[in-house]
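Notes follow the structure.
Computed from the coordinates by the stated procedures, all read-outs in this text should not be read as laboratory data. Since the structure is predicted, the reported quantities are computational estimates derived from the model, not experimental observations. We place every Cβ from the backbone using ideal geometry, glycine too, and count neighbours over all the protein chains shown.
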Amino acid sequence: MSTPTAPAPAKNGTHVDVDDTFAVARSDKPLSPKAPDREAGPSKGDAKDTSAVPGPLHAVPHLSQDMLDAFGREMEAIRKKHVDDLGERDATYIRSVIKAQRRLEIAGRAMLEFAFLPPLWLGGVAALSASKIIDNMEIGHNVMHGQYDWMQDEELNGRTFEWDTACPADQWRHSHNYMHHTHTNIVGKDRDIGYGILRMSEDQPWEPYYLGNPVYATLLALLFEYGVAVHDLETEEIRYGKWDLQARLPMLKAIFDKVKGQALKDYVLFPALAGPFFPATLSANVAANIVRNVWTYSIIFCGHFPDGVEEFTEEETAGETRGGWYVRQLLGSANLTGGPFFHLMSGNLSFQIEHHLFPDIPAHRYAEISVEVKEACERYGLDYHAGPLPWQLFTVFRKIVRLSVPTGAELQDYVERPRTSRLVKTAAGAFRGARGAARGTVGVARGAVEGAVAGARGAVAANAA
């Protein structure tokens, strides 16, 4: 790897890359193409005093537009301080992580050649799982955000890096770096809200498909790398008859080629090297991928969907300023508490707030950045959501279950939609009737129990007399 160099200064202030489709967030351009440049002055018509004008975000009605912009300037100052400080310690960190990841993979693969021995099966699964998690989260995810582009090292080039998972890196750079980080938690624009599979917001209209929410969530956790791989295909459009197979053939081919390579490596080549112990090694490789998938799913969902995280509408984010963008990133994220090892194994996405604020800053800095961000949040009266993984995961699954079943108003809204068939309307009416009957039965039973209790109390009182 090459010797790190200082980050190159931006020319003429900042700019937006014209290639938005596969944009990688870098230190010399805005992260949102719709946000104004960092150094740009006020545009025409913006010179008026806006100190008393309420900000557009429903979650922070106490912040005027001027206050939103002031918060944005403070976040820019934090960002600039860390960009200017990038250097040898960051290069040493990522190189040491890469070295540890490779050693874990070699150790895991070696042990799994003798996976017929239970201790080596367990040890191999643990080592290979950890290797895959670090490769995906602390190395792949962060490198592809351009966090180490300033090193000018081709192995760490965010635009060309390829990772060890089913999703082609180019597709991920579009669906994640551009679509998700630009439109974070905007319902209808951020497809990470439910991944096109789940209902994760009350602003997503309910339909019978979402009754399977808990089942879909479980399958997505077990097969998360494949869910990410097909994310950019917009497969949810199949339900509405809008999906164009012909237009997506190039993407499907890229996914097939990537999945084929991963499957041959994990499920054919390495198990075959174990000879007669092929089944044991195969099962261990399957287990390692499942561990990686479930862990990654848990970290990501707990950073985006636990209690307290806000969603936004397209209307309130139209014409968004840079300050509004920063506040939206803050309110649309949640952190996970834990120690240094936990943060490493999460790719430092346990600091999801800081990642959304500064996706192109090396993630190992997020712990120290979080102190500065929390202090600013206290002064501006902004919520800073953080909690332990088990509790956050509980609130996520509680939301998944709750949003699978419609409220009375949501059911009525679905029935009244023009495309709803007569059969569905009949079934919905039967459902409402059954629910009413059940409530009536409960009421009758409760009355009978209360009457029996009252009678028993009377009998006891009579006997006592």
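Quick notes on this structure:
- Distance between the pseudo-spin-label points of Gln412 and Lys99 (7 Å out from Cα toward the beta carbon): 6.7 nm.
- For the stretch 185-310, the alpha carbon convex hull comes to 125 Å³ per residue, rounded to a whole number.
- Over 26 Å between alpha carbons, listed pairs Lys132/Lys258; Lys81/Lys374; Lys99/Lys265; Lys80/Lys189; Lys80/Lys258: Lys80/Lys189; Lys80/Lys258
- Rounded if a/c under 1.5, otherwise prolate or oblate - the stretch 69-216, Cα gyration tensor axes: oblate
- Taking Cβ atoms as reference points and 10 Å as the exclusive limit, the residues near Ser131 contribute a net charge of +2, counting Lys and Arg as +1 and Asp and Glu as -1.
- Positive minus negative residues near His385 (Lys, Arg vs Asp, Glu; Cβ under 15 Å): -3
- Segments 395-401, 371-377 sorted - mean Cβ within 10 Å per residue, highest first: 395-401, 371-377
- Packing-based ranking, highest mean first, of 135-143, 165-173 given that Cβ atoms within 10 Å are counted: 135-143, 165-173
- Cα shape, the stretch 145-195, gyration tensor, a/c 1.5 rule: oblate
- Take every Cα pair under 8 Å whose residues are at least 6 apart in sequence, average their separation, divide by the length of the stretch 281-354, and the relative contact order is 36 percent.
- Protection-proxy order for peptides 195-202, 402-409, 70-77, each taking the mean of Cβ atoms within 10 Å per residue, highest first: 195-202, 70-77, 402-409
- Over the stretch 255-329, the fraction of Cα-Cα pairs per 5 Å bin, rounded to whole percents and listed from the shortest bin up, is 3, 12, 13, 12, 12, 9, 8, 9, 8, 6, 4, 2, 1.
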